[in-house]
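The values are calculated or read from the model by the stated rules, or taken from the named source; none is laboratory data. Computed from a predicted structure; not experimentally measured. Methodologically, a virtual Cβ is constructed for each residue, glycine included, from the backbone with ideal geometry; neighbour enumeration extends over all protein chains shown.
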Amino acid sequence: MRNTANHTKYTHVLQVLYMETHLNNCIFCDIISNKAPSEKIYEDDYVTCIKDINPASTHHYLILPNKHINNAKELCSTDDELYDRILSTVDIIAEQQDLTVTRTGFHWPPFNTISHLHLHVISPICNINFFKKFIFKPNSYWFVSVRIMHTLKIINPLFQIDLKLMNIVLQTDYVKSYLKNRK
């Protein structure tokens, strides 16, 4: 039987080392801390919004949490406040930039190009070219809408299951069958 306390300490040390190494190489962390150039649209204590350098439409913004989180799969119940702040920033940006119809979503690993959580806000949708429509196709295996993320968050509020675990649970045959037969 292994010593749980030592295992926990060891795991924590590995996580800290990984984060220190990873944060030193994260372009979005550099942008947030003003070590790299970007066109910032909005900034507060929790999030930063920048223009995408390769826009899919006339308006294409990325909302980045100031706290480093690798991707949408790593969001967990302790990040609820941050997630809500990211969503409320969509409304702020939409009002500031006079956006009416937007497409919002996260790229799902391994289809994210930068390992720092970022929410895409794209408008107008009608200006997205054919190739980019494929890349930003809502609720595909690679691009997850805010609505689906919200569903994953609330599907089991009694147990507060993290999204990582929920992703595994949703792939089981029992759950797939249950969701398919439920109308």
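Output the residues belonging to the range 74-131 that are polar (S, T, N, Q) and under 15 Å from residue 51 (Cα atoms).
Keep residues of the range 74-131 that are polar (S, T, N, Q), which gives 77-78, 88-89, 96-97, 100, 102, 104, 112-113, 115, 123, 127, 129.
89, 96, 97, 102, 104, 123, listed by residue number.
Screening residue 70 against (1) touching a Leu at 6+ places or on another chain (Cβ under 9 Å); (2) modelled with pLDDT of 95 or more leaves a single unmet condition, (2). Close contacts from the range 20-37, counting a first residue that is within 17 Å of residue 52 (Cα to Cα) and a second that is at pLDDT below 60 and surrounded by 10 or more Cβ atoms within 10 Å (Cβ to Cβ), with Cβ to Cβ under 8 Å and a gap of 6+ residues or different chains, come to 29/23. If you check residue 58 against the conditions, is it modelled with pLDDT of 90 or more and over 18 Å from the mean Cα position of the chain (by Cα)? Criteria met by residue 58. Against the definition (surrounded by fewer than 11 Cβ atoms within 10 Å (Cβ to Cβ), within 23 Å of the chain's Cα centre (by Cα) and modelled with pLDDT of 55 or more), how does residue 34 come out, yes or no? So residue 34 does not fit the description; no.
Among the criteria (1) modelled with pLDDT of 95 or more; (2) among the charged types (D, E, K, R); (3) assigned to a helix (DSSP H, G or I), the one residue 45 does not fulfil is (3). Restricted to the range 51-150, the set of strands (runs of 3 or more DSSP E) holding at least 3 residues that are loosely packed, with under 14 Cβ neighbours inside 10 Å and on the phi < 0 side of the Ramachandran plot is empty. Among the residues of the range 11-28, is there at least one that is modelled with pLDDT of 80 or more and under 27 Å from residue 126 (Cα atoms)? No, the range 11-28 contains no residue that is modelled with pLDDT of 80 or more and under 27 Å from residue 126 (Cα atoms).
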